[in-house]
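To start, the structure itself, in structure tokens.
The values are calculated or read from the model by the stated rules, or taken from the named source; none is laboratory data. Please read all numbers here as calculations on a predicted model, not as lab measurements. Methodologically, a virtual Cβ is constructed for each residue, glycine included, from the backbone with ideal geometry; neighbour enumeration extends over all protein chains shown. Side chains included, ligands, DNA and RNA excluded: accessible areas come from the protein's heavy atoms. Shrake-Rupley method; radii C 1.70, N 1.55, O 1.52, S 1.80 Å.
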Amino acid sequence: MENRHIVIIGAGFAALTAARVARKRDRDVKITLVAPKAEFIYLPSLIWIPAGIRQPDDLRIPLDKFLRRHRIDFHPAEATGLSGDGRTLRTSNGDLANDGLIIASGGRFLKKLPGIEHAITPCEGIAAAVRIRDRLREMDGGTIAIGFGGNPKEPSAMRGGPMFEFLFGIDSQLRREGRRERFKLVFFSPAPEPGKRLGPKAVKGLLDTMRKRDIDTHLGHKMKGFETRKVITEGGEFEADLILFMPGMTGNQWFDDTPLPRSPGGLLQADEHCAVPGFERVFVAGDSGSFPGPDWMPKQAHMADLQAEAAATNLTDELAGRPAQATFKVELVCIVDSGDRGMFVSRTPTSSRVMPPSIVMHWLKRFFEWWYLRQYR
């Protein structure tokens, strides 16, 4: 195929991995990255902004050098739609024709609960983490409520892990500052066993840690909404001076202006090869897609990278006239960090492992951040 052109939507984990793998597999193909800004935000380290372990600019990585090194064009725009055959991407900065498309534009948080504007959604980005930092500095005491929900139509479309990290990290921070006794911490979730996706051993470890840290829980009650200083569930309500809440995720708004098939929860439907069924050379990776796999399959950076590698491998194979045969490994790997210690958790379809919190794991998580970001600096 002459003048081959791959278009990749996004500038997060999945998009950048897809771009890197595509370039490695085909030195001549034209690659265009579409995103509002040519920068990568390292979201896993947002948990360290409230305590000052990381500053905002530490996590904001300009992509100019990466794009030049890999000869990737950048199209500054937001995706707005797609032609019926998938070969023309509509953007806020004009149309882009493509010979192959990888959609890795992330997910969108469900903001349907009444009063959700009274809660901070930490994983929305650096600005949210800075708000948490500033609020903690202003508070002399009170109740801090931290929790997460899900998308009932898409069990995998949730991101609970970071909320455990904000919970334990804020507890550690307040203890270091010598003012923990002036605060009440409450963890809430409609799930009776929060963290179950990490495995049964992890659930026990997380709940035991909450008890040891004197953190109250409000579990197993469906969310009804929020007020200025209140969390409301079907099992009761409680006062809170600061509310951090991670809702479930759904697909991007622009998906509505495409013919692509959607899952019940609003994500793009994908097969085991990360291909979108019914569309030639259209692939999806990361939070944008609904993939076949176990119900605990995570929405996390590691999983997005694995899916992106499969998507880019299959697309470059198809452009070269080879069949798309690559699949992705289903694996959950994370370190639940508390600011000074970390609990290692891993899970595959055949095994699960939990290691008790240790200082070593905290420093390993910090080392991994440095190691991972080298490729984009």
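Only Cα pairs under 8 Å and 6+ residues apart enter the sum, and on that basis the relative contact order of region 182-244 stands at 31 percent.
A straight Cα-to-Cα reach below 30 Å connects K222 with the lysines K111, K112, K153, K184, K196, K201, K204, K212, K230, K299, residues fewer than 8 places away in its own chain not being considered. Listed by chain and number, the lysines whose C-alpha is less than 18 Å from the C-alpha of K37, apart from same-chain residues fewer than 8 away, are K65. Place a point 7 Å from the Cα of A127 along the Cα-to-Cβ direction; which residues of region 63-82 have their backbone N under 19 Å from it? Hits in region 63-82 for A127 at 19 Å: 77-79.
Among the trypsin sites (Lys or Arg not before Pro) within region 8-68, those in coil by DSSP and having at most 11 neighbouring Cβ atoms inside 10 Å are R27. Based on C-alpha pairs under 8 angstrom that are at least 6 apart in sequence, the chain has a relative contact order of 20 percent.
Within straight-line reach of K224, meaning a Cα separation under 12 Å, sit the following aspartates and glutamates at least 8 residues removed in sequence or on another chain: E234, E237.
Positive contributions from Lys and Arg (+1) and negative ones from Asp and Glu (-1), summed over other residues with Cβ under 11 Å from the Cβ of A285, come out at -3.
If you sort W254, W371 by accessible surface, 1.4 Å probe, largest first, the order is W371, W254.
Mind pulling the angle between the C-alpha long axis of helix 200-212 and the longest principal axis of the chain? Nearest 10 degrees, somewhere in 0 to 90. Helix 200-212 and the main axis of the chain meet at about 40 degrees.
Figure legend: label point modelled 7 angstrom from the Cα of N93 along Cα→Cβ; residues of region 26-64 with amide N under 11 Å from it are 33-39. For the chain, the per residue solvent-accessible surface stands at 43 Å², with DNA, RNA and ligands left out and a 1.4 Å probe.
Phi angles across region 328-337 convert, under the Karplus curve 6.51 cos²θ - 1.76 cosθ + 1.60 with θ = phi - 60°, into 3J(HN,Hα) values of 10, 6, 8, 8, 9, 9, 7, 10, 7, 9 Hz, Gly and Pro given as x. If R0 is 35 Å, the Cβ-Cβ spacing of K65 and E177 corresponds to a FRET efficiency of close to 0.40. Residues in region 303-320 carry Karplus couplings, in order, of 5, 4, 4, 5, 5, 5, 5, 5, 4, 5, 4, 5, 5, 5, 5, 5, 5, 8 Hz; the curve used is 6.51 cos²θ - 1.76 cosθ + 1.60 with θ = phi - 60°, and Gly or Pro positions show x. Once you reduce region 99-139 and region 314-377 to the center of their Cα atoms, the two points are 22 Å from each other. In angstrom, the C-alpha Rg and Dmax of the chain are 20.9, 68.
If R0 is 25 Å, the Cβ-Cβ spacing of D85 and N3 corresponds to a FRET efficiency of close to 0.90. State log₁₀ I(q)/I(0) for region 250-352 at q = 0.24 Å⁻¹ as given by the Debye formula over alpha-carbon point scatterers of equal weight, solvent excluded. With no solvent term, the Cα-only Debye profile gives -1.26.
Just how far, in whole angstrom, is region 199-277 from region 53-79 if you go by their alpha carbon centroids? The distance from the Cα centre of region 53-79 to that of region 199-277 comes to 29 Å. Here is the list for region 272-369: trypsin sites (Lys or Arg not before Pro) lying in DSSP coil, each with at most 13 other C-beta atoms within 10 angstrom of its C-beta, are K329. Relative to the longest principal axis of the Cα atoms of the chain, helix 126-138 runs at roughly 10 degrees.
What does the net charge come to around R213 if you take all other residues with beta carbon closer than 10 Å to its beta carbon, with K and R at +1 and D and E at -1?
Details: positive: R175, R180, R211, K212; negative: D171, D208, D214.
Combined, the nearby Lys, Arg, Asp and Glu give +1.
Backbone amide hydrogens, once placed in the peptide plane, bring F40 within less than 5 Å of I61, L63, excluding anything fewer than 5 places away on its chain.
Note on the chain: dipole from Cβ charges, positive end direction compared against V231, M355, P294; the farthest Cα belongs to M355.
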